[in-house]
Amino acid sequence: MNQVLIGYLNFRNGIISPSHFEGFKRDAQDVFSYKTVRSHWEKARMAHSEEFRLFVETELMWRDEVAA
C-alpha cells in the first residue's frame with residue numbers, strides 16, 4: 001500500500017513520467033487484484049487522502065477478476 005502511495009506521489013510531483021507511471025499502474029492493478037490486498041485496503045483506506053482513495057478505487061481496483 002505504501003509503495004503505491006509513494007509511486008502516486010512521485011507521479012503527482014513530476015518525479016515519474018506519465019509513460020513510466022502507466023507501467024507502474026499496471027503493476028499496482030495486479031497487486032490490487034488480490035483479495036487480501038483489497039481486504040487490507042478496506043481497513044486502511046480512510047487513513048489516506050480522498051484524492052489517493054479515488055485513484056486507487058477508480059484506476060487500480062476497476063478490474064473484475066480477482067487473483068487467488
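If only residues of segment 37-58 that are within 12 Å of Y8 (Cβ to Cβ) and without any contact (Cβ under 8 Å) to a residue 40 or more places away in the chain are counted, the one that is surrounded by the fewest Cβ atoms within 10 Å (Cβ to Cβ) is E51.
No other residue among S49, S39, S33, S17 is at negative phi and in contact with a strand residue (DSSP E or B) (Cβ under 7 Å, 6 or more places away or on another chain) apart from S33. Residues in segment 40-56 that are under 11 Å from N2 (Cβ atoms) and more than 13 Å from the chain's Cα centre (by Cα): A47 alone. S17 passes every criterion in (1) more than 10 Å from the chain's Cα centre (by Cα); (2) surrounded by 13 or more Cβ atoms within 10 Å (Cβ to Cβ); (3) of a type in the set (S, T, Y) apart from (2). The set of residues from segment 26-40 being among the charged types (D, E, K, R) and more than 14 Å from R53 (Cα to Cα) comprises R26, D27, D30, K35.
A short reminder: the numbers here are calculations on the coordinates, not readings from a lab. Since this is a predicted model, take the numbers as computed values, not measurements. Glycine gets a Cβ as well: all are built from the backbone with ideal geometry, and neighbour counts include every protein chain shown.
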